[in-house]
Amino acid sequence: MAVGPERSPEWRPRSQCAIERCRWCAREGPACRFCAGTGTWCAERPVADGGVVEWTAVQEPCRMCAGTGKEHNPPGEPPEAPLRRRGTPGR
């Protein structure tokens with residue numbers, strides 16, 4: 001039996017991903033096609049209970065948009081380069 005996911009009612013999508021000067025976060029563009037712009041997605045995780053496998057709903061930040069709700073690397077556009085995370089020393 002699947003159980004509804006729980007999420008803090010004050011949770012909001014992040015304003016920026018971990019990439020420094022990310023061009024996808026900086027623009028007003030399409031919503032993420034994987035989470036429909038919510039910044040979260042709901043999956044199911046198997047849980048074994050006495051030999052019976054049940055599925056439990058899990059809600060977590062969207063991995064495709066880093067929880068921002070903004071489309072990152074839409075089809076047909078070149079990828080972000082170079083990929084540098086905030087706090088990473090430059091070369």
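The values are calculated or read from the model by the stated rules, or taken from the named source; none is laboratory data. From a predicted model like this one, the values you see are computed outputs, not experimental measurements. Ideal geometry is used to build each Cβ from the backbone, glycine not excepted, and the neighbour counts take in all protein chains shown.
The table below gives the values:
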{"item": "Every residue from the range 68-83 that is out of contact with any strand residue (DSSP E or B) (no Cβ under 7 Å at 6 or more places or on another chain) and at pLDDT below 90", "result": "His72, Asn73, Pro74, Pro75, Gly76, Glu77, Pro78, Pro79, Ala81, Pro82"}
{"item": "Complete set of residues in the range 44-67 that are in contact with a strand residue (DSSP E or B) (Cβ under 7 Å, 6 or more places away or on another chain) and either at pLDDT below 85 or not in a strand (DSSP E or B) (or both)", "result": "Cys62, Gly67"}
{"item": "Every residue from the range 6-30 that is surrounded by 10 or more Cβ atoms within 10 Å (Cβ to Cβ), modelled with pLDDT of 80 or more and part of a loop (DSSP other than H, G, I, E, B)", "result": "Arg14, Ser15, Gln16, Cys17, Ala18, Glu20, Arg21, Cys22, Arg27, Gly29, Pro30"}
